[in-house]
Amino acid sequence: MPDRAAVKAKVEGITKILTIPPVVSRIVHMVNAGTVSAAEIAEEINTDQVLAAKVLRLVNSGFYGFRQPITTITHAMVLLGLDVVKTLVMTASVLDIVDAMNQYMEGLWEHSVGTARAANALAEQMKVQNPEEYALLGLLHDIGKVVIAQTFPTEHGRIRDLVAERNCLQIDAELEVLGVTHPEVGMWLLKKWSLPSKVVYPIAYHSNFHPRRDHADRTAVVHVADILCRAKGIGYPGDARIPRINPDAWHMLRLTLDDVERVCQRLDDELGDEVMA
Amino acid sequence: MPKIPISDAKPGQRLTRPAATRAGMVMVQAGTELTSALLDRLRNLGISSVVVAGERGSPGDKPLEVALHELDERFVGHEEDAWMMSLKAIVRRQLKGGGDHA
């Protein structure tokens, strides 16, 4: 087994290979500075038409469940907010997440969109301020699986074999083969991208919830959304099992089983056939 | 409403769901009648399947008993957990009630 530090160094190393284009650095600085208007940031994104198209592709992928397609960056900024658009810009520019997921793991993209919709719907039931931020967390919660598949192809093959042989959760196979798990790998990547902890923590701990950690409420939503998406059989997250609900996470949501039923029904109603198949 | 691979779709069939790319971008609205030119364009966009009006029980439609069996498989090991069993009951109800989803 490769040792932990070596795995971490290699994951962090890929951020050097996948260089961040100057336009994205500028956008991230503009957002972080907090002194420029949304219109100016939209204008900056639009200077790179390929990037703008990739961001719109993500925005229209069904993860947020818009009925009408969003055709301009400005409109996306208004609906989703600066933090979500910043993260999407980063994701779209560095790692073509849709293609990468489709290429390396059949069904992972569908699982991610399904989890995003579930997280968004749960957040709406909870009446939180920014449900669209929860959708983003669902979309990216398994980004570590893509990194593992890309960076450690041999180990990824053994993880798949182990899952097939034992019908276990992928995360258990990861621990055995690689000594680290995909939420951890995702955390290393997102930290390297300097994304805020409210994005990093829920992804880092969605399989290992603790109520006293920072951003526990967001983490709880991702944990439950992942379980609902698996229960509904949407997409394929790399294994055919469902992790057990963490009771502390469930209580943190302050929802009822009727709410869960409504969220599950919304997945049927709002996800397109390309995801539900 | 069967979902069929695009290779099986024929001119004259009518879409009952929008045709969308894998990323979810809608390219053709529901209700559109397929033509050979349109099918070529959808193929070029990488769209691999469409949902058309037609007889039920085509290969793309997962029979209820298969879906229910897969549900049982997914929840193996959670029999002692009341919350997990409640979730399973919810999904089972929706599988039986919905029916029409491809």
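The values are calculated or read from the model by the stated rules, or taken from the named source; none is laboratory data. This one's a predicted model, so the numbers in the text were calculated from it and none came from an experiment. So basically every Cβ, Gly included, is an ideal-geometry build from the backbone, and we count neighbours across all protein chains shown.
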Residue A:250 within 11 Å of another protein chain (Cβ to nearest Cβ), of a type in the set (Phe, Trp, Tyr) and farther than 30 Å from residue B:19 by Cα: yes
Got a number for residues in the range A:218-236 being without any contact (Cβ under 8 Å) to a residue 40 or more places away in the chain, within 12 Å of chain B (Cβ to nearest Cβ) and either part of a helix (DSSP H, G or I) or within 14 Å of the chain's Cα centre (by Cα) (or both)? 2
Among the helices (runs of 4 or more DSSP H) confined wholly to chain B, which include 1 or more residues that are at pLDDT 85 or above and within 11 Å of another protein chain (Cβ to nearest Cβ)? B:64-74, B:82-98
Please enumerate the residues belonging to the range A:79-127 that are part of a loop (DSSP other than H, G, I, E, B), out of contact with any helix residue (DSSP H, G or I) (no Cβ under 8 Å at 6 or more places or on another chain) and modelled with pLDDT under 85. A:106
More than 21 Å from residue B:82 (Cβ to Cβ) and either touching a Gly at 6+ places or on another chain (Cβ under 9 Å) or among the aromatic types (Phe, Trp, Tyr) (or both): which single residue out of A:239, A:214, A:268 fits that description? A:268
Please work out if residue A:190 is among the aliphatic types (A, V, I, L, M), within 14 Å of chain B (Cβ to nearest Cβ) and touching a residue at least 12 places away in the same chain (Cβ under 8 Å). no
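Residues are listed down the side, and each one gets a yes or a no for (1) part of a loop (DSSP other than H, G, I, E, B); (2) surrounded by 19 or more Cβ atoms within 10 Å (Cβ to Cβ):
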residue: A:174; (1), (2): no, yes
residue: A:177; (1), (2): no, yes
residue: A:188; (1), (2): no, yes
residue: A:198; (1), (2): no, no
residue: A:203; (1), (2): no, yes
residue: A:208; (1), (2): yes, no
residue: A:211; (1), (2): yes, no
residue: A:238; (1), (2): yes, yes
residue: A:250; (1), (2): no, no
Among the candidates A:53, A:42, which residue alone is away from chain B (no Cβ under 11 Å), part of a helix (DSSP H, G or I), of a type outside the set (Val, Ile, Thr) and without any contact (Cβ under 8 Å) to a residue 40 or more places away in the chain? A:42
